[in-house]
Amino acid sequence: MTFCSPVLFLLLLGFCATAPSSRKYVGLVFDSKTSAQTEQSFPALWEKWTVELGVTTRGGKPWQLGNLFTMAGGEGGGPSEFPLHIAATLMDSLLIEAGFLHYANLAKMTPEEKTAFRSAYFQRYGVENHLLIWCELKTTWTELFLDSNRWIIFIEDDAGNRYEPVQILEESQPIRPMVRDSLPGFQREQGRWGWEVHQKSWMLCFPKRDFYKNPILSERSQFLKLVFQLSEDEKTRAEGIWVFKK
């Protein structure tokens, strides 16, 4: 064990790199509309608020799940590759409401069941007090990269203020939104893969207000950045940015 640890440490650091930034233009900061004012479906809203982190290149093309076949064949782990692929979804209030409606209709819930489901979701994630980001993480590298203790995770606003999550909840891996049967955290299905892909899902719970009780996101916000940085190596990092168009 004393021999393996230093070797593994060098292995983890030796092949890491900074991934290019990924950004998505999402329109106005959420909470500016109500769910009744949108005609977008749950999958469309999910796609709108999801940004990809750790998207590195292979032969000039983005890192995609299709590349996992070649990576599993031994070509992965090069010095220009970030060890994780992260799909991060900023949980807009419209998205949450659309998810409730989607799942309630799918499950044919009674009014009482809808109320209970909503209450359970809000209580579990502290929706009233937390800015939520759902992350689906995948790697073909060692599973140790899926340990949250290995990462420094924070959000940064356009004023340069940084906030760390007050809580990270590990959840069961959901299926993709186009066939999703519930909101994140309430779907208990696990995908099956024909190659070695380690995966986890986290709900990152950030404070909704700063030290002075001001909202972290407001109508004046220009963007929000999510950063994953390896604790042992600050150069190993990836970031995704939601840009709020005026």
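Does S201 satisfy the criteria of being of a type in the set (S, T, N, Q), exposed (fewer than 13 other Cβ atoms within 10 Å of the Cβ) and at pLDDT 90 or above?
The answer is no for S201.
Please go through the range 110-139 and give me each residue that is among the polar types (S, T, N, Q) and surrounded by fewer than 21 Cβ atoms within 10 Å (Cβ to Cβ), ordered by number.
T110, T115, S119, Q123, N129
Based on what the data block shows, is H102 in contact with a Leu (Cβ under 9 Å, 6 or more places away or on another chain), farther than 26 Å from K225 by Cα and either crowded, with 20+ Cβ neighbours inside 10 Å or modelled with pLDDT of 95 or more (or both)?
yes
So, in the range 106-124, exactly how many residues are under 21 Å from S41 (Cα atoms) and in contact with a Gly (Cβ under 7 Å, 6 or more places away or on another chain)?
Number satisfying all stated conditions: 0.
Restricting attention to the range 222-246, which residues are small (G, A, S) and either under 21 Å from Y125 (Cβ atoms) or buried (at least 17 other Cβ atoms within 10 Å of the Cβ) (or both)?
Passing the criteria: A238, G240.
The values are calculated or read from the model by the stated rules, or taken from the named source; none is laboratory data. These numbers were taken from a predicted model, which means no experiment stands behind them. Neighbour counts run over all protein chains shown; Cβ positions are idealised from the backbone, glycine included.
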